[in-house]
1. Any chance you could tell me what percent of the C-alpha pair distances in chain A go past 26 Å?
2. Whole Å is fine, so just give me how far the alpha carbon centre of region B:321-348 lies from that of region B:217-253.
3. Once you treat every alpha carbon in region A:11-179 as an equal point and sum by Debye, what is log10 I(q)/I(0) at q = 0.10 Å⁻¹?
4. Enumerate the calculated ³J(HN,Hα) couplings along region B:109-120 in order (Karplus 6.51 cos²θ - 1.76 cosθ + 1.60, θ = phi - 60°), each rounded to whole Hz, writing x wherever the residue is Gly or Pro.
5. Across region B:248-333, how large is the tail of the calculated P(r) beyond 21 Å, expressed as a percent of all Cα pairs?
6. Can you send over the solvent-accessible area of B:D357, 1.4 Å probe, protein chains only, in Å² to the nearest 10?
7. Find the Rg to Rh ratio for region A:63-113, where Rh is the Kirkwood radius over alpha-carbon pairs and Rg uses the same atoms.
8. Hey, if you put +1 on the Cβ of every Lys and Arg and -1 on every Asp and Glu Cβ in the protein assembly as shown, which of B:M156, A:A164, A:W184 ends up farthest toward the positive end of that dipole?
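The values are calculated or read from the model by the stated rules, or taken from the named source; none is laboratory data. Bear in mind the structure is a predicted one, so any value in this text is a computation, not a measurement. Methodologically, a virtual Cβ is constructed for each residue, glycine included, from the backbone with ideal geometry; neighbour enumeration extends over all protein chains shown. To get the accessible areas, we keep the full protein, side chains included, count just its heavy atoms, and leave off ligands, DNA and RNA. Shrake-Rupley method; radii C 1.70, N 1.55, O 1.52, S 1.80 Å.
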Amino acid sequence: MTPLPIPAPDPLLLPMPPSALKALLLVTFTLHLLAVNLGVGGSLIAAVHALRGKPEDRDLVRRLAPMLPAAVTFAITLGIAPLLFVQLIYGPFFYTASVLMAVPWLALIFLLMAGYTLLYRFVGSAGSESLHAFSGIAGALLLLSVGLMLVNVTTLSLRPDLWAAQAAASPQGLRMNTADPTLWSRYLHMVVGFAAMAGLLLAGWGAWRDHAYARRAGLRWFIAATASQLVWGTWLLVQQPAPVLDLLLDGRSAASLTMWISTGMGALALFMAIPASQGGAPARAVWAPFWLGLGSTLGMILLRDQARDASLAAFGFHPGALPHKTDWLSLGVFALTFAGLAILLIVILRWAVQPVPAAGEEAP
Amino acid sequence: MNHPVWDLPLLGSGWIIGIISIIHVSIAHLVVGAGIWLAFLEDRAQRAGDRELQAWLRGRAKALLWLSAIFGAGTGVGIWVAIGLVNPTATQHLIRAFVMGWAIEWLLFAGEMATLIVLVRAYDRLRPRQRLILYGLYALCAWLSLVVISGIVAFMLSPGAGWTTTHAMGDGFFNATYLPSVLLRSFVSLALGGLWALAAGGVAPPALKPRILKPTALFTLAGVLLTVPAGWYYFQSFPPAARELVLGNLKGATGLAQGFRWALLGLGAYLLPALLVLWGVFRPATFRRPVALLGLLLACWGFGGFEWIREVARKPFVIRDVMYSNGIRVEQVAGYQKDGFLPQNAWARTFAASKGDTDLAKGEALLRSQCLACHTRDGYRSLKVLTASNTAEDNVLLIQGLRELDPALNPYLDRMPPFAGTEQEAEWVGKYLSSLNGK
């Protein structure tokens, strides 16, 4: 067998230990995913309720809509950082996969801008009489298709054994990673997860703001989506390549424990959400499933990373072994900028929640 | 190229970057200038106690958020995606060289978005002074992100001998064209942002118009005029070889010379808005939006011309004296010429194998890796056309000649990288070139 065409990593050294980069990757990716859950999952939920169009649904949409564009902005902004760290650590895999499906990958930005524009249109109409539910649905679907492109590149980057065939099939990079059995199960698992988490966030908001309909609707989204994960999640699991599957099922490895603990938390959240969604349930019943669901998502993010490293280890790649030389000077400048930004954020967020000034207070 | 090659027929992959980046850099500079303009006008409006103008500016801030969050961010990610596709090897090198630079750029972008969102969403809760501070903070974050990204872009043109030995981020960042390019880009921002503001002011209520247009026109005029000396200073800071490349290619019928002439015309067009904005100063009541939009278009042409010159001036490198446009680092050439490119490049080998490892397949694999960064087979800078009158032997001699590293023996070195392969590999490429014309 000829060796697989895995490009050599760049000769420049990493500016900090790979473990530190990995930590940054996971932290920023988690933040990104939370914003995506709210922005994209929330758009989906808002659009569906807009279609139903009962008075309580309209009220829900009117409350939810103004949060969506800002959430999508943060999803994009927070997505840039993990994209940077992925390229640093997994560069040879990431770039190769993206070039091999260049056209769909590039289409991502147009899908993103179009989806975002439609979302703005939908949100702008939320206050008026005629709600553009169609823009909402189309916008949410376009944003979800951005996720599809990301999942394509991610899955392809884990399968160097598929690369040569993919390259020969389309030198112009027109093909998506449909040869990979995990593509659709992984995508569905993720999208359904967005809907579940957005539902949970909505329920949490409803409990916080005493909005009973939001609370119950959010929990119902969470319950339906999470229950269906029994299908998508299992499907994704059994399609993992043999070394990863063995690792996940052995019951001893860190990856296996992560999987059982986070699925367990998800299942517990599901069972606690059912009574909490009933008519007479108190608002505080939301919080147990809320935190459990969030914990389960965090576990899944960790699991995703463990499965990735296990997949790549089978091809001889170990991120921990990448050479580095810590560059304290530029790290220092970064830390200072970060501190400055943090102070700025604290100050302006306090301004953003202060009470509206009384009339007359506003002297020129 | 260390990675697989994205083979984009006719257009050539480089143009993908060109198109997306013209749009992105125009928007990116515009939003910096527009941010500074907003702070400037809000300050004036608050001093004059002009509530009406403040309310109008609030609408501009909203429009700016929309432009910046959707299209500024979208095309910005777009450039990144595009360069990763077109030249992954170089992208990886740049990202590694400036890890913390990119990270700081990201923080500043997050600051831009946060300040603008708070300003727009919580406008009614803010005290006038806080509003002014937020306008100012937005402008500061936006301008600082220009200050940071300029270092990385200027690095590609003039990395400097210091960086080549130390590989320390600071050495690459503070390079010879850095300061001039920050100045130049700042003034261009003022001009673009001012023209955008004039376009909005052109449709403002009649009573407001003079209060908007006069200061805005002067703001824009300052931006356009200050660009001139900054541009001159910038050009003087070019590495000598880059300057010669520009000045030596202004005449003639080659594609390069034509491109330079278009870019120069653009630089002329950039000055026209200076005349157009005088209308806004002297006859604000009759000023119309299309005038400003025309000015914006002309200014973007000029700015695009400048960016094109900057890109071409580093040819045949993507990072001058460090890495050629085809992703081969200067220090790798000797090894490839001695031991062969195919044995050391997994993707070129994979491609040749997929076509049966014939001489033609190997030639095509080498050509994809080493030539398609700047040429296409039969579209932009077509190899078929460029070699149409060559015999099969000419083509082999041409590529074997490209192996020569001495500029006296290889006249193409100022625009093309040396061929990084053995005599035998050069012959395969020559054969493949001939096959394009059926010879």
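1. Cα-Cα pairs of chain A separated by over 26 Å account for 57 percent.
2. Each part reduced to its Cα centre gives a spacing of 34 Å.
3. -0.47
4. Coupling constants for region B:109-120: 5, 4, x, 4, 5, 5, 5, 5, 5, 4, 4, 6 Hz.
5. Value for region B:248-333 (Cα pairs over 21 Å): 51 percent.
6. 80 Å²
7. In region A:63-113, Rg relative to Rh is 1.11.
8. Ranked along the dipole, the leading option is A:W184.
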